[in-house]
Amino acid sequence: MPLPKISVVTPSFNQAGFLEQNIQSVLDQHYPDVEHIIIDGGSTDGTLDILKKHSHLCWVSEPDRGQTHALNKGFERATGDIIGWLNSDDTYFPDIFRMVASQFEDPKVMVLCGDGFEIDENGKQTHPMLSRATDPEVLIKYWKWRYEYLQPAFFFRRTVFDEVGFLEESLYYVMDYDFFIRLGLRYPMTYLPKPLANLRLHSTSKTGTNIRKIIPGYILEMHKVSRRYWGRPTEFRYYGYLISFLGAVVLSILKNILFLKGSKSRMIVERTLSPTSRGGGV
């Protein structure tokens, strides 16, 4: 039985410092039928030199409307049976595509999620990430933080776009969160408890530039998306979500006022007073 074709879509913009590692991680799959599509937004940092030296790539470099638009352009071009979404600063673990493909031998498997690690800008693993509790109900109640998913460790059949559509381009941070809720409402999420990918968090990444804010932009967007699934004020379930959300807000405020461990107020002060933030350290 021939192995299914896997298409990997990578959006890129001025990420030359990480792009070579991204491309190499796909080459390190040693998989016979891979299509790596890179949609670049017109980078000026040496990205084109990297793209031009890899003849196997399918790539375009032109202005676009941002990361979400670039991803949709790539998804529309993809011809593989299975789609992987790997941002330009993220990487796959070596030789995991055959394991992924074997899961899709079951025709009932439409969406697969695995585990991996968060890494820093030097590629050092900072902590493990497990794609657990990806049930849409858990995702909708984002304020409970019971979920965790690793976006680059997701794979799905190309046919899911026919049912749930592409990414919403009005979303800047949480296009994956919205997409995974839509997928979860339509298909069961098959969990593979194996490390598949690395998610890089660094100072210039979207998350890295927002994490110090009192209310990060991605939290505001998550709330906007979550509200779509609360129902109408005439429905009982709406008030279940509303009461749960308001309770979480009150607890968060008290946690920050009391300066408890894990609170945003304490985290900001600790980072401000740390030696590295003051320019000290080795």
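The values are calculated or read from the model by the stated rules, or taken from the named source; none is laboratory data. Since the structure is predicted, the reported quantities are computational estimates derived from the model, not experimental observations. Ideal geometry is used to build each Cβ from the backbone, glycine not excepted, and the neighbour counts take in all protein chains shown. Keep in mind that these areas ignore ligands, DNA and RNA; they rest on the heavy atoms of the full protein, side chains included. Shrake-Rupley method; radii C 1.70, N 1.55, O 1.52, S 1.80 Å.
A few remarks follow.
- In segment 93-142, residue surrounded by the most Cβ atoms within 10 Å (Cβ to Cβ) [restricted to those that are touching a Ser or Thr at 6+ places or on another chain (Cβ under 7 Å) and within 28 Å of Ile243 (Cβ to Cβ)]: Ile140
- The single condition from (1) out of contact with any strand residue (DSSP E or B) (no Cβ under 7 Å at 6 or more places or on another chain); (2) over 18 Å from Gly184 (Cβ atoms); (3) not aromatic (Phe, Trp, Tyr) that Asn87 fails is (1).
- When the residues of segment 148-187 are filtered to those that are among the acidic types (Asp, Glu) and closer than 17 Å to Gly217 by Cα, the one that is surrounded by the fewest Cβ atoms within 10 Å (Cβ to Cβ) is Glu168.
- Filtered residues of segment 1-32 (kept if within 15 Å of Phe155 (Cα to Cα) and under 21 Å from the mean Cα position of the chain (by Cα)): Ile6, Ser7, Val8, Val9, Thr10, Val26, Gln29
- Residue pairs whose Cβ atoms lie under 6 Å apart, separated by 6 or more positions or on different chains, with the first residue in segment 117-131 and part of a strand (DSSP E or B) and the second aliphatic (A, V, I, L, M), are Glu118/Met129; Glu118/Leu199; Glu118/Leu201; Gln125/Ile119; Met129/Leu150.
- Given (1) in contact with a strand residue (DSSP E or B) (Cβ under 9 Å, 6 or more places away or on another chain); (2) assigned to a helix (DSSP H, G or I); (3) under 22 Å from Ala153 (Cβ atoms), number of the condition His36 does not satisfy: (2)
- Top-ranked residue of segment 236-274 - restricted to ones that are open to solvent by 70 Å² or more (accessible area, probe 1.4 Å) and either among the small types (Gly, Ala, Ser) or over 24 Å from Trp145 (Cβ atoms) (or both), ranked as modelled with the highest pLDDT: Phe236
- Qualifying position, being modelled with pLDDT under 95, within 26 Å of Tyr149 (Cα to Cα) and open to solvent by 10 Å² or more (accessible area, probe 1.4 Å), among Gly46, Gly66: Gly66
- Exactly one residue among Leu139, Leu112, Leu71 is in contact with a helix residue (DSSP H, G or I) (Cβ under 8 Å, 6 or more places away or on another chain) and in a strand (DSSP E or B), and that residue is Leu112.
- Meets criteria (at pLDDT below 95, part of a helix (DSSP H, G or I) and under 30 Å from Ile253 (Cα atoms)) for Thr134: no
- The set of residues in segment 3-24 being under 19 Å from Phe93 (Cα atoms), open to solvent by less than 60 Å² (accessible area, probe 1.4 Å) and either part of a helix (DSSP H, G or I) or of a type in the set (A, V, I, L, M, F, W, C) (or both) consists of Ile6, Val8, Val9, Phe18, Leu19, Glu20, Asn22, Ile23.
- Count of segment 39-68 residues, restricted to those that are part of a loop (DSSP other than H, G, I, E, B), out of contact with any Pro (no Cβ under 7 Å at 6 or more places or on another chain) and not acidic (Asp, Glu), is 11.
- Screening Trp145 on (1) farther than 24 Å from Leu71 by Cα; (2) surrounded by 14 or more Cβ atoms within 10 Å (Cβ to Cβ); (3) of a type in the set (Phe, Trp, Tyr) shows it passes everything except condition (2).
- Some residue of segment 78-92 being open to solvent by 50 Å² or more (accessible area, probe 1.4 Å) and either within 29 Å of Lys124 (Cα to Cα) or assigned to a helix (DSSP H, G or I) (or both): no
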